[in-house]
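Asks: Dumping the structure here so I can ask a few things about it.
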Amino acid sequence: MWKNIALFILKNRIALILALAVSTAFMAWKAKDVEMSYDFANVVSKDDTDMVYFQRFKQTFGEDGNVLVVGMHDSAVFDLKNFRELKKLSDAVSHVEGVKAVISLPGLVSIQKDTTAKTFAPKKIFEPFPQTQKELHALLQTVKDQKFYEGLIINEQTSATLLAITVDPKFLNSARRVEVMDHITKHTEVFSRKTGIKMHYAGLPFVRAVMTTKVAGEMKLFLALAMLVTAVTLFLTFRSWSAVIFPLLVISVVVIWTLGTIALLGYKISLLTGLIPSIIVVIGIPNCTYLLAHYHLDYRKHGNKMLAMARVLSKLGLVTFINNATTAIGFIVFMFTDIAILYEFGVVAGINTFVTYLVCVILIPVVFSYLPPPTEKQLRHLDAKPLTKLLEFFQFIVLQKRYLIYFFTILISALSVWGIFKMKTVAYMVDDLPAESSVNADLKFFERHFAGVMPLEIVIDTGVKQGVMKLNNLKKIDQLENFLRTQPILSAPISVAGLVKTATQAFYNGDPSSFRLPDNTERNFIFSYLAKQGGGENKRLLRSFVDSTGQSTRISLRVADVGSRELDTLLINKLKPEIRKIWGGEGIVETEEGNTMTFQREGSDNKQSVSLTGTTLLFIKGNNYLIDSLGESLVQAFIMVTIIIIFLFRSSSAVVITLIPNIIPLIMVAGLMGFLGIPLKPSTALIFTIALGITVDNTVHFLAKYRLDLAANGFNVREAIISAIGEAGTSMIYTTVTLFFGFVIFAFSEFGGTKALGILMSLTLLIALFTNLIVLPALLVSFDKGRYTYEPNAPIQDYDEYSEENDADVDLDMLEIKQELEPVSNSREV
């Protein structure tokens, strides 16, 4: 079959080139429409209980992650001149397209009691604007008297203050997000220049905008670095510019196909899919190197380039296909998850791994069939033996020191298992950004002065319409808020209880000591004032915390980015027990589903529930969900690799011998992560599945060569091992070195996850090289007795490197190609 495919490719060179050019032009046309993703990865299943509830929450109360905060910590802001500039900044930002509202110190309001209309009316505290420093200080004291703002807009202990800027969700989920952020920062930079006050930025809109910009920049950077690394590798190997230019052309075509595939399928470039073009470059070059090296090897035998290329295709077609198939497994398994970002990554990478194979086996033979044959200088790399001594050492220890190999392998593996138990699973909202980045520094600023900015929501469903404003329910909410204030990683809560306490304070003419819930006597008076709010600012504020029926209300908080482990501790060990204490009790039946706790008194139909939700909780849960899915994907990858090994070798023992040298590197790297304190998170868990798909190539490659040498050496295991290490070892080392330096480029990323992916992937591939050249041969020497039966139906019989016995002539008469060849010995005219 592969001989016929080889003849077909060489016979239809022009037609195939034209077809490839047209299809690539189409993919390039589609690639121009590729878009960046402007959302945090939604990795929780749509059917998950907490995700369903979160979507319902957004429908009722709106987005929780659309607030950008700009903070400052400088007493100079309270000078009259600078305070005036702060007011100008607030007004300017409020007019930026895409900004829905701005809450800042100069724009704060106090609630005044209107005894005539028997209602509450909002009044801007700094209107008219103070004309003297004394007036400003007096008004700042008024702000401090408004207990509702305590810990929200200004920190009285540190005098830090902030602007809370609400961004329209329509702009958050489009390319215009960056434009909105740019306009806002232009105004804040003007303020900083005029006042000398440093500004700090945080909030999900800002973090997302920064990450989107960095993803786009790094995708271009890594693509360029990958091209550079592969170009240097190719030139050092072949000492020929044609062997550099045309493989890079192959990779360029595949990169276009990759971007076109993303656009064609309606996907967007995310932190994960943005890595695919560079990964394709790294894993695609070995295809080209493999074909060119064997083309040179066969050409040197007889001097006929067409014959050499035909033999390369016919003999190595299955080799390269299996190599790409096992590599693709590391990506394809992600298609079996219901996580959107993993599924998209798997689809695009899996498809284009096979596209790489197709483009390579078409473009390389066709192009080099038209180019002049390789010169003696270009063939010198075939005689270069820089690794001979290393391979001879491997042969020695495999044959003479096997028990030392087993001892150290078992010892290191046991230590690695110990390290695995030390490994922790933890994720942060801005986990991918470097610790020294300005985003992380600013985040620490807000955690220091305002306890954090990541959104967390608590929703209380009273079970009856207008139940929120019942005094006993308000007392429960207030009791929960008092507990929340004792938690250092939580900001001051905002809820309807705080608004009602503000109304009580206003009812008593702003007396700070009256910031409390009304008692039963006061309730009717105060609630009658609230009922006459009409459509004013306070009414709209009230509606943002209470649903239209008055049955459900929210408590909005901001939480520090302390990581999934500490947040889980807060929720499970502190917050949920406190909720049970407040809403539960004797005669109360409690049920829990996800993060929703329901309470019902025995014999009553009324149910009350308290739900924890918000972007932060869903993000943390999504990371845990993602890690679990990656574990399942690793198991699926092992199963698929096992099926391929059985298909190739028709041998169950080959499966065991194949998997052992590929499991060991994964165990060692996981153990190293435990000892070095590298947490298990989506970016680090991802490497195990991808690495398995790539490293199995070397195992199959070595076993195939060993089986052929076993037959050629009269089933003498030791002789076959010596031959296999000497011949297959060189190409395995060159391929791994190329992959190693290809993945190392990701270590230059600013994203922690991408950096970890590059370093750990490179390390895994390097360890796998040694296990496949040392542990695998040692196992074969110990357990393979050379009892090899020829299986005529086993595809591995055709999976070979060039052996003289199989060097039968390809029937070139089937090719209608006329070409003048230079007269060489043993050549044949095509």
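Asks: For region 659-671, state whether one or more residues are at pLDDT 85 or above, in a helix (DSSP H, G or I) and more than 16 Å from Asn772 (Cβ to Cβ).
Replies: Yes.
Asks: Within region 195-206, does at least one residue satisfy the condition of being at pLDDT below 90, within 29 Å of the chain's Cα centre (by Cα), outside the structural domain of Leu371 (by TED's automatic domain parsing) and surrounded by fewer than 17 Cβ atoms within 10 Å (Cβ to Cβ)?
Replies: Taking every residue of region 195-206 in turn, none turns out to be at pLDDT below 90, within 29 Å of the chain's Cα centre (by Cα), outside the structural domain of Leu371 (by TED's automatic domain parsing) and surrounded by fewer than 17 Cβ atoms within 10 Å (Cβ to Cβ).
Asks: Considering only region 337-346, I want to know if a residue exists there that is without any contact (Cβ under 8 Å) to a residue 60 or more places away in the chain and either in contact with a Gly (Cβ under 6 Å, 6 or more places away or on another chain) or in a helix (DSSP H, G or I) (or both).
Replies: For region 337-346, residues without any contact (Cβ under 8 Å) to a residue 60 or more places away in the chain and either in contact with a Gly (Cβ under 6 Å, 6 or more places away or on another chain) or in a helix (DSSP H, G or I) (or both): present.
Asks: Next question. With more than 24 Å from Leu18 (Cα to Cα), crowded, with 21+ Cβ neighbours inside 10 Å and assigned by TED's automatic domain parsing to the domain that holds Thr230 as the only criterion, which of Leu342, Leu307, Leu379, Leu291 stands out?
Replies: One residue alone meets the criteria, Leu342.
Asks: Quick one: in region 59-83, of everything that is crowded, with 16+ Cβ neighbours inside 10 Å and out of contact with any Ser or Thr (no Cβ under 9 Å at 6 or more places or on another chain), which residue is modelled with the highest pLDDT?
Replies: This residue is Phe83.
Asks: Follow-up. Ala138 is checked against (1) of a type in the set (A, V, I, L, M, F, W, C); (2) under 30 Å from Phe515 (Cα atoms); (3) in contact (Cβ under 8 Å) with a residue 60 or more places away in the chain and fails just one. What number does that condition carry?
Replies: (3)
Asks: Do any residues in region 676-701 that are closer than 21 Å to Thr771 by Cβ have Cβ atoms under 8 Å from those of residues that are in a helix (DSSP H, G or I) and aromatic (Phe, Trp, Tyr), where the two are at least six apart or on different chains, and which pairs are they?
Replies: Thr689/Phe334; Ile690/Phe331; Leu692/Phe638; Gly693/Phe331
Asks: Criterion first (of a type outside the set (Ser, Thr, Tyr), outside any strand (DSSP E or B) and more than 22 Å from the chain's Cα centre (by Cα)) does Ile555 satisfy it?
Replies: Considered against the rule, which asks whether it is of a type outside the set (Ser, Thr, Tyr), outside any strand (DSSP E or B) and more than 22 Å from the chain's Cα centre (by Cα), Ile555 comes out as no.
Asks: Just to be sure before I move on: is Leu757 assigned by TED's automatic domain parsing to the domain that holds Ile694, at pLDDT 85 or above and buried (at least 18 other Cβ atoms within 10 Å of the Cβ) in the structure I sent?
Replies: In short, no.
Asks: Let me ask you something else. Let me spell it out: the conditions are (1) within 32 Å of the chain's Cα centre (by Cα); (2) outside the structural domain of Phe368 (by TED's automatic domain parsing); (3) of a type in the set (Ser, Thr, Tyr), and Ser45 meets all of them except one. Which number is the exception?
Replies: The one condition Ser45 does not meet is (2).
Asks: Among (1) free of Cβ contacts under 8 Å to residues at least 40 places away in the same chain; (2) surrounded by 22 or more Cβ atoms within 10 Å (Cβ to Cβ), which single condition is Leu617 missing?
Replies: (1)
Asks: Could you tell me whether any residue of region 328-338 is buried (at least 24 other Cβ atoms within 10 Å of the Cβ) and either more than 18 Å from the chain's Cα centre (by Cα) or on the phi > 0 side of the Ramachandran plot (or both)?
Replies: There is at least one residue in region 328-338 that is buried (at least 24 other Cβ atoms within 10 Å of the Cβ) and either more than 18 Å from the chain's Cα centre (by Cα) or on the phi > 0 side of the Ramachandran plot (or both).
Asks: Another question, if that's okay. Does region 230-246 include one or more residues that are closer than 30 Å to Pro682 by Cα and not small (Gly, Ala, Ser)?
Replies: yes
Asks: From the set of residues in region 595-616 that are in contact with a helix residue (DSSP H, G or I) (Cβ under 7 Å, 6 or more places away or on another chain) and not polar (S, T, N, Q), which is farthest from Thr569 (Cα to Cα)?
Replies: Here the residue is Phe599.
Asks: Within region 523-547, work out how many residues are over 16 Å from Thr119 (Cβ atoms) and either modelled with pLDDT of 85 or more or surrounded by 19 or more Cβ atoms within 10 Å (Cβ to Cβ) (or both).
Replies: Going through region 523-547 one residue at a time, the tally reaches 3.
Asks: Of the conditions (1) over 28 Å from Val69 (Cα atoms); (2) surrounded by fewer than 17 Cβ atoms within 10 Å (Cβ to Cβ), Thr596 satisfies every one except a single condition; which number is it?
Replies: (2)
Asks: So, one more: Taking region 133-165, which residues are surrounded by fewer than 15 Cβ atoms within 10 Å (Cβ to Cβ) and in contact with a helix residue (DSSP H, G or I) (Cβ under 7 Å, 6 or more places away or on another chain)?
Replies: Gln133, Glu156, Thr158
Asks: If you scan region 620-652, which residues turn out to be out of contact with any Leu (no Cβ under 6 Å at 6 or more places or on another chain), farther than 16 Å from Ile341 by Cα, in a helix (DSSP H, G or I) and touching a residue at least 12 places away in the same chain (Cβ under 8 Å)?
Replies: Across region 620-652, the qualifying residues are Leu634, Gln636, Phe638, Met640, Val641, Thr642, Ile644, Ile645, Phe647, Leu648, Phe649.
Asks: Something else: Among the listed residues Arg239, Arg177, which satisfies the condition of being in the same structural domain as Leu358 (by TED's automatic domain parsing) and of a type in the set (D, E, K, R)?
Replies: None of the others qualify; the one that does is Arg239.
Asks: Let me ask another. Could you tell me whether Ala720 is among the small types (Gly, Ala, Ser) and buried (at least 22 other Cβ atoms within 10 Å of the Cβ)?
Replies: Here the answer is yes, as Ala720 does meet what is asked.
Asks: Looking at Glu719, Glu750, which is the one that is assigned to a loop (DSSP other than H, G, I, E, B) and over 21 Å from Asn662 (Cβ atoms)?
Replies: So the residue among Glu719, Glu750 that is assigned to a loop (DSSP other than H, G, I, E, B) and over 21 Å from Asn662 (Cβ atoms) is Glu750.
Asks: Does Leu249 satisfy being more than 19 Å from the chain's Cα centre (by Cα) and surrounded by fewer than 20 Cβ atoms within 10 Å (Cβ to Cβ)?
Replies: yes
The values are calculated or read from the model by the stated rules, or taken from the named source; none is laboratory data. Note that the coordinates shown come from a computational prediction; the quantities given were computed from them, not determined experimentally. Methodologically, a virtual Cβ is constructed for each residue, glycine included, from the backbone with ideal geometry; neighbour enumeration extends over all protein chains shown.
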